[in-house]
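Okay, so here's the structure we're looking at.
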Amino acid sequence: MKTIRQKISFFLLNVILLCCIWPVKAQASFEIPGICQGQTDTGASCDIKTLDYGYDYNTYVSLRDMAMLLKDTDKAFSLEISGNTISLEPGNAYVPVGVENLPWEDSENPDISLRRNELKVKGQTVFYYTLLMKLPSGDYDCFMMAADMAMILDVNISVPAEGTLRIHTQEPFRISPSALEQAGYFYGVNSVLVGDATTGELYYRYQSDLPYPIASTTKLMTYLLTMDAISAGRLTFEEMVTVSEEVQALSVSGDGVIPMEAGEELTVRELLLGALLPSSNECALCLAEAVAGSEEAFVEMMNQKARDMGLSQTVFFNSNGLPSYTEDVIPAKRQNSMSAEDMFQLVSYILKVYPQITDITSQEKATLSFREIEVQNTNPLLRNMPEVTGLKTGTTNKAGACLVTSLAADDGAMEHNLVVIVLGAEDSIERGRVSGLLAKYALEAFYTGTEDAEGGAPGQSENLPIHAEAAVDRILQRARRYAEG
């Protein structure tokens, strides 16, 4: 079984690297059209049009061509594409429109935008980045990363030779983080960590003990201290908080998210929702002032809480994660930072003590009644995986794109919170893709075990719990599984 899983992981590793490897050539200002040979394990084969977005090896494949290739297999899907929407229905028969598996109709290099077009799978809106293109025939085609398509269809795709894609319709989608690391896939991020917050068991780590800027994931600590104040009776959810001049100034700056004017009032509940869903910097500052009287005092509380929790690779300068400047003649720009392991401890604590955080972070959108403003959740995985319950995104130039993801799992005896931490991805596209792959791995590791590539990841210890209480939970969990098996 382990050998089979390793082979599956190796196959998928190839297609992920084909799609995502950083270019060895200079970037182009257009999309590079190409052709690859598509094959299935049922013997079908045909040409698949591709677009390399901006540079070689950043390959997106034609969904129409793939639908035609898979139409007589267990992974068939129907497809409807217009100028700005795509609807994909796994299990339905594909009706050809006549442009599938043909050579490119135009020799000109297209110049179209990679964007988060409206994509529905089984009628549900999901968040993946795609290229939508109108062909000379008048029909539209959609180009998607092969790895993203593998996630949606739960199918294994391999690259047996250059210019060839093989779809293994009977093999489910599998991920080996260790193999990805050894191939250099994580060179584009600062650190990652995957684990079970309920038991403390760590499934995978990469540079997880080093501190890196964390941007707006800072707001998780702001949430924790606000909830501590509510628990201690110093605040209530319905207490009105007055917007200060400082909050208004932040709101109208380039870092503002929600319009606020000094003297307006919001409830603590609305401020928590605004800080966590649309990542409002002014809501975080407003909470800091409500809890401690000033942001300076609140930051002292943040760092003291980190020390109390044993977060040794953590430092805070503000409540929201924006760059913080000293008042020197030559100001220094500082940023809140944590290691992924510290972040895991923080998130594990929050999910244990204040699990109602997911009541907020699992919402796709919400309305702030003080101005009847509808706000959107910035977490893309919330739409792509039903198990996802939160938690927080973050982005600055120095921090890169960060995402802390929580997922609900159940071993039959109790519910668990799985956590995926990605710090410092190149951009929001890669942040979502890396987090999605590792979230899929987290669920696989929880339900079937962590038989990863031989030798494990460099610098990675055994997948053991990180504290004694978790070790006992782990033993009991394994005992229950053994008794049930």
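The values are calculated or read from the model by the stated rules, or taken from the named source; none is laboratory data. Here the structure is a predicted model, which means the values were calculated and not measured. Because the Cβ atoms are built from the backbone with ideal geometry, glycine has one as well, and the counts that use them run over all protein chains shown. Side chains are part of the model used for accessible areas, which takes the heavy atoms of the whole protein and leaves out ligands, DNA and RNA. Shrake-Rupley method; radii C 1.70, N 1.55, O 1.52, S 1.80 Å.
Some notes on this structure:
- Among residues of segment 170-198 being part of a loop (DSSP other than H, G, I, E, B) and modelled with pLDDT of 95 or more, the one that is farthest from I421 (Cα to Cα) is T198.
- So L277, is it touching a residue at least 60 places away in the same chain (Cβ under 8 Å), in contact with a strand residue (DSSP E or B) (Cβ under 8 Å, 6 or more places away or on another chain) and surrounded by 20 or more Cβ atoms within 10 Å (Cβ to Cβ): yes
- All positions within segment 367-399 that are assigned to a loop (DSSP other than H, G, I, E, B), open to solvent by 70 Å² or more (accessible area, probe 1.4 Å) and either among the aliphatic types (A, V, I, L, M) or over 28 Å from V315 (Cα atoms) (or both): S369, R371, E372, P386
- Considering segment 136-167, and only residues there that are of a type in the set (D, E) and under 19 Å from L443 (Cβ atoms), the residue that is surrounded by the most Cβ atoms within 10 Å (Cβ to Cβ) turns out to be D148.
- Subset of segment 88-109 that is at pLDDT 85 or above and among the polar types (S, T, N, Q) - its residue that is most open to solvent (accessible area, probe 1.4 Å): N92
- Filter result for P278 (under 30 Å from the mean Cα position of the chain (by Cα), in a loop (DSSP other than H, G, I, E, B) and more than 15 Å from T378 (Cβ to Cβ)): no
- Scanning segment 168-180 for residues that are open to solvent by 30 Å² or more (accessible area, probe 1.4 Å) and farther than 23 Å from Y94 by Cα yields one hit, R174.
- Members of segment 288-319 found to be in a loop (DSSP other than H, G, I, E, B), open to solvent by less than 50 Å² (accessible area, probe 1.4 Å) and touching a residue at least 40 places away in the same chain (Cβ under 8 Å), listed by number: M309, T314, F316, N318, S319
- The numbered conditions (1) at pLDDT 95 or above; (2) aliphatic (A, V, I, L, M); (3) in a helix (DSSP H, G or I) are all true for L322 except (3).
- Check on G123, among the small types (G, A, S), open to solvent by less than 20 Å² (accessible area, probe 1.4 Å) and under 29 Å from Q376 (Cβ atoms): no
- Checked against (1) farther than 21 Å from R431 by Cβ; (2) open to solvent by 20 Å² or more (accessible area, probe 1.4 Å); (3) of a type in the set (G, A, S), A183 passes all but a single condition, namely (1).
- Evaluated against (1) open to solvent by 40 Å² or more (accessible area, probe 1.4 Å); (2) closer than 23 Å to N417 by Cα; (3) not acidic (D, E), V329 falls short on exactly one condition, (2).
- Residues in segment 65-119 that are under 23 Å from V155 (Cα atoms), in a loop (DSSP other than H, G, I, E, B) and among the β-branched types (V, I, T): 2 in all.
- When residues of segment 220-242 are limited to those that are open to solvent by less than 30 Å² (accessible area, probe 1.4 Å) and touching a strand residue (DSSP E or B) at 6+ places or on another chain (Cβ under 7 Å), the one nearest to N336 (Cα to Cα): L220
- A search for C-beta distances below 6 Å between a residue of segment 30-48 that is farther than 15 Å from L70 by Cβ and any residue that is part of a strand (DSSP E or B) and open to solvent by 40 Å² or more (accessible area, probe 1.4 Å), counting only pairs 6+ apart in sequence or on different chains, returns E31/Y53; I35/D47.
- For G83, the conditions (1) farther than 23 Å from G34 by Cβ; (2) open to solvent by 60 Å² or more (accessible area, probe 1.4 Å) are fulfilled apart from (2).
- Only one of the listed residues (Q27, Q37) is open to solvent by 20 Å² or more (accessible area, probe 1.4 Å) and either part of a loop (DSSP other than H, G, I, E, B) or at pLDDT below 55 (or both). That residue is Q27.
- Per this entry, A249 is not counted among residues that are closer than 30 Å to A44 by Cβ and out of contact with any Lys or Arg (no Cβ under 9 Å at 6 or more places or on another chain).
- Residue check for E364: in contact with a Leu (Cβ under 7 Å, 6 or more places away or on another chain), open to solvent by 50 Å² or more (accessible area, probe 1.4 Å) and not aromatic (F, W, Y): yes
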